[in-house]
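The values are calculated or read from the model by the stated rules, or taken from the named source; none is laboratory data. Remember, predicted model here, so these are calculated numbers, not experimental data. Neighbour counts are summed over all protein chains in view; Cβ atoms, including those assigned to glycine, are modelled from backbone coordinates with ideal geometry. Only protein heavy atoms, including side chains, enter the accessible area calculation; ligands, DNA and RNA are left aside. Shrake-Rupley method; radii C 1.70, N 1.55, O 1.52, S 1.80 Å.
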Amino acid sequence: ELLNKLTLKIVSVEYRNGDTFEFVTDSGKRLVLYPGRSTEDQIRDLSLLIQSGEYNNFSQIDLRTEKYTGI
């Protein structure tokens, strides 16, 4: 639900080992989230990436830690 508030359309959710989930958007971007980290913090980081324009530079964004990474 929180991802949808960022105007991202999620087309699938895939479970990865270690309680990690990968959300796939309609544009093919992959967002890796971890339920062990605050969902609000992960969404805040993603929102900042979108607002800064960095979001468009990545095909995969790993938000599992405070030091998020993008590929």
Given (i) 12.5; (ii) 13.5; (iii) 12.0 as possible values of Kirkwood radius over Cα pairs in Å, the one from the coordinates is (iii)
Summed side-chain charge close to VAL24 - residues other than VAL24 whose Cβ falls under 11 Å, Lys, Arg +1, Asp, Glu -1
0
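What's the longest piece of the chain with no exposed GluC sites (Glu not before Pro), counting a site as exposed if DSSP puts it in a loop and it has at most 15 other beta carbons within 10 Å?
Numbers: sites that count: GLU1, GLU66.
Excluding the exposed sites themselves, the longest stretch runs over 2-65.
By accessible area of protein heavy atoms, probe 1.4 Å, what ranking do SER47, SER52 get, highest first? Each step should come with its number before you reach the end.
On the way: SER47 25, SER52 70 Å².
Highest to lowest solvent-accessible surface, that is SER52, SER47.
Percent of accessible area on segment 14-67 owned by carbon and sulfur, 1.4 Å probe? Working shown, then result.
Numbers: 1440 of 3180 Å².
Summing carbon and sulfur atoms, their accessible area is 45 percent of the total for segment 14-67.
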Per residue, how many Å² of accessible area does the chain show with a 1.4 Å probe?
65
Quick one: accessible surface of LYS9, probe radius 1.4 Å, all protein chains present, in square angstrom to the nearest 10.
130
